[in-house]
Amino acid sequence: MSVTPEAAARLRAYLAYFRDLGVHEFYRWSEPAAQALEPAAAVEAPAPSIAAATGVLPPATPPVVAPPLEIDDRELQPAHMLPPSLREPPAPALRSFDDLVPLPATTIPAADRPAALKVIQDEIGDCTRCPLAYGGRRKIVFADGDPNTELMFIGEGPGADEDAQGLPFVGKAGQLLNNMINAMGLKREQVYIANIVKCRPPANRTPEYVEASTCSQFLIKQIDVVQPKVIVALGSTAATYLLGRKQALAGLRGSFHSARGAKVAVTYHPAFLLREPRMKGEAWKDLQMVMRELGLKPPVKQ
Ligand code: URA
């Protein structure tokens with residue numbers, strides 16, 4: 001079986017698409033297959049046809065045989081069809097942010113919140129608690145925005161631009177997030193923005209369970225300091241860890257959930273919306289639900 005680089009890239013894009021929709025089972029058993037579909041080593045091209053140019057038939061040459069593609073066909077089977085010994089170990093039990101740590105009994109006064117957040121940042125320090133510390137991370141991306149806001153956005157993890165600047169959502173997805181915030185009648189500086197993990201996963205892969213779980217303790221503390229009324233979970237990873245359950249995004253949208261005393265709305269990740277602009281209308285419905293909750297009005301068009 002030979003796979004062109006274009007076909008392999010298309011398959012990888014499909015996998016990312018399903019992951020963004022929260023279709024994890026498909027993603028889980030298909031990812032190794034996608035890796036196996038790395039472009040095969042270049043096959044030497046056959047010589048240009050002498051016959052076509054001269055009318056003289058060249059001596060017969062042996063057929064070009066593509067190198068065998070090493071796909072373990074177990075990886076092309078759905079997980080439930082594998083014998084138990086070959087199945088992945090069961091995923092560790094997820095726990096919601098509410099189940100991990102008791103809710104705070106007190107509220108930090110507005111004037112003390114910047115200092116309280118600084119204490120959390122200092123505690124993180126030059127963190128080496130999880131594998132992301134060794135995956136080429138440059139800057140730890142703590143958060144950005146107003147600690148006294150009613151609205152918090154939580155993404156997945158820093159990308160290349162965020163890793164370089166030490167700020168969340170400053171690349172292309174960040175520009176779209178800024179536009180989404182502006183459409184709600186707010187400025188970026190008026191909300192608080194953070195991520196499930198604070199260090200860039202290599203090649204922007206989805207954070208692993210151990211990475212997200214290790215980092216959660218700090219995000220929980222940040223939420224408890226800011227105590228937003230509403231949290232918008234951007235994409236499947238944020239929703240999964242905040243709510244402690246893996247579920248297709250479509251089933252989580254359209255109503256509020258709860259975490260750390262805040263109402264949680266789930267919507268599509270801006271990076272997904274950049275790939276699938278036709279879904280922006282759906283995301284706008286989610287943001288309008290948040291606006292109604294916070295009594296926000298969209299800016300009047302000039
Ligand atoms: N994607 C995220 O989830 N977070 C960022 O900070 C940037 C891109």
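In table form, for the structure just shown:
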quantity	calculated
Check on Leu167, of a type outside the set (Ser, Thr, Tyr), part of a helix (DSSP H, G or I) and modelled with pLDDT of 95 or more	no
Filter result for the condition that a residue is more than 20 Å from Ile196 (Cα to Cα) and modelled with pLDDT under 95, over Pro277, Pro299	Pro299
Evaluation of Met184 against (1) more than 9 Å from the ligand (Cβ to nearest atom); (2) open to solvent by 40 Å² or more (accessible area, probe 1.4 Å); (3) touching a strand residue (DSSP E or B) at 6+ places or on another chain (Cβ under 9 Å); (4) hydrophobic (A, V, I, L, M, F, W, C) (one fails), failing number	(2)
Where Gly174 falls short, out of the listed (1) of a type outside the set (Val, Ile, Thr); (2) within 27 Å of Leu94 (Cα to Cα); (3) open to solvent by less than 10 Å² (accessible area, probe 1.4 Å)	(2)
Asp224 being within 13 Å of the ligand (Cβ to nearest atom) and acidic (Asp, Glu)	no
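Residue-wise test of (1) among the polar types (S, T, N, Q); (2) in contact with a helix residue (DSSP H, G or I) (Cβ under 7 Å, 6 or more places away or on another chain); (3) open to solvent by 40 Å² or more (accessible area, probe 1.4 Å).
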position: Ile193; (1), (2), (3): no, no, no
position: Asn204; (1), (2), (3): yes, no, yes
position: Gly244; (1), (2), (3): no, yes, no
position: Met289; (1), (2), (3): no, no, no
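A quick yes/no check of all residues on (1) within 16 Å of the ligand (Cβ to nearest atom); (2) surrounded by 18 or more Cβ atoms within 10 Å (Cβ to Cβ):
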residue: Ser258; (1), (2): no, no
residue: Thr267; (1), (2): yes, yes
residue: Leu274; (1), (2): yes, no
residue: Arg292; (1), (2): no, no
residue: Leu296; (1), (2): no, no
residue: Pro299; (1), (2): no, no
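Here is a yes/no grid of residues against (1) in contact with a helix residue (DSSP H, G or I) (Cβ under 7 Å, 6 or more places away or on another chain); (2) modelled with pLDDT of 95 or more; (3) among the polar types (S, T, N, Q); (4) exposed (fewer than 10 other Cβ atoms within 10 Å of the Cβ):
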{"position": "Pro48", "(1), (2), (3), (4)": "no, no, no, yes"}
{"position": "Pro78", "(1), (2), (3), (4)": "yes, no, no, no"}
{"position": "Val101", "(1), (2), (3), (4)": "yes, yes, no, no"}
{"position": "Arg113", "(1), (2), (3), (4)": "yes, yes, no, no"}
{"position": "Asp122", "(1), (2), (3), (4)": "no, yes, no, yes"}
{"position": "Cys127", "(1), (2), (3), (4)": "yes, yes, no, no"}
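The values are calculated or read from the model by the stated rules, or taken from the named source; none is laboratory data. All values derive from a computational prediction rather than experimental measurement. All Cβ positions, even for glycine, are placed from backbone atoms using ideal geometry, and neighbour counts span all protein chains on display. Accessible surface areas use protein heavy atoms only, side chains included; no ligands, DNA or RNA. Shrake-Rupley method; radii C 1.70, N 1.55, O 1.52, S 1.80 Å.
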